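Notes follow the structure.
The values are calculated or read from the model by the stated rules, or taken from the named source; none is laboratory data. These figures come from a predicted structure and were not determined experimentally. Note: ideal-geometry Cβ built from the backbone for every residue, glycine included; neighbour counts use all protein chains shown. To get the accessible areas, we keep the full protein, side chains included, count just its heavy atoms, and leave off ligands, DNA and RNA. Shrake-Rupley method; radii C 1.70, N 1.55, O 1.52, S 1.80 Å.
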Amino acid sequence: MMIAMLLPALLLAQAVPQPSIDGLPLGAIPRQTLPEHGCAAFLWSVGTTRALVAMASAEPATLRLSIDGAITDLPRDTQQGAAGFGFAETTAYRAGTTTATLVMSVKTRGDLKEGAAVSDATLRLDRDGKDSVVLPVAGMIGCT
C-alpha cells in the first residue's frame, strides 16, 4: 500500500487533541501534513490513550509536541546513529530549558512506498525543575 494513501487515513483516525495524555505533560497534537519536501515521522502514543503526540521533520530538523497544552516546535540539538530517511537513531531537540529526546528504530517494508514504519520508539521530555517523562511511541515516516 502506498504511504501517501495510508497516512491520511491514520491521521483522520486520531483522537481529538487533548491537553494531557494519561496525566502526563505531553498531549495530542492536531492533524499534521507531510512537508513539501523531505520526510516526517508521525508518532502516536502506545499506552492507554492512543493519540498523535509528535511529528519530527527531517528538514528543517524540528520536533512538534504539545507540552502542557501548548504546541511547541523544538529544533534539533544533537543526533547519534543513523535510522534512515534523514533521521538519526537518537535525536535530542532543545529550546530553552526544554529537551525532548527521540530514540527510534526505522524499518522499511515492502508494502510501504516513500516511507517506513517506526515500530519501536521512545520520547523523553526533560524540563528544568520538573520530573522527566518517558513515553513509548510508534508510527510511520512519510516522504514527499
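Descriptive notes on the structure:
- Solvent-accessible area per residue for the chain (1.4 angstrom probe, square angstrom): 49 Å²
- Charges were assigned to the Cβ only: +1 to each Lys and Arg, -1 to each Asp and Glu. The resulting dipole of the chain about its Cα centre is roughly 180 debye.
- Proximal charge balance of L43 [Cβ under 15 Å; K/R count +1, D/E count -1]: +2
- Charge context of V137, other residues only, Cβ under 15 angstrom, K/R +1, D/E -1: +1
- Phi-derived couplings, Karplus 6.51 cos²θ - 1.76 cosθ + 1.60 at θ = phi - 60°, listed residue by residue for the range 88-98: 8, 5, 10, 10, 9, 10, 9, 8, x, 9, 10 Hz, with x used for Gly and Pro.
- In the complete set of protein chains, residue-level accessible area for R50 is approximately 140 Å², probe 1.4 angstrom.
- Degrees, to the nearest 10: 3-12 long Cα axis against longest axis of the chain: 40 degrees
- With all protein chains in place and a 1.4 Å probe, the accessible surface of the chain carries 54 percent carbon and sulfur.
- The modelled label-to-label distance for the pair R109/T144, using points 7 Å beyond Cα in the direction of Cβ, is 2.4 nm.
- In plain terms, the chain from H37 to D120 could stretch by 27.4 nm, reckoned as 0.36 nm per residue minus the Cα-Cα distance.
- Converting phi to 3J(HN,Hα) with the Karplus coefficients 6.51, -1.76 and 1.60 and the offset θ = phi - 60°, the range 115-127 yields x, 7, 9, 10, 8, 9, 7, 10, 10, 10, 10, 10, 9 Hz in sequence order, with x at every glycine or proline.
- Percent RCO, i.e. relative contact order, over the chain, from Cα pairs under 8 Å lying at least 6 residues apart: 23 percent
- Helical mean residue ellipticity (222 nm; -39500 (n - 2.57) per DSSP H run of 4+; nearest 500) of the chain: -2000 deg cm²/dmol
- Taking 0.36 nm per residue of separation and subtracting the current Cα-Cα distance, fully stretching the chain between D68 and V134 would add 22.3 nm.
- Candidates L65, C143, L125 compared by Cα position along the dipole of the chain: farthest toward the positive end lies C143, with charges placed on Cβ.
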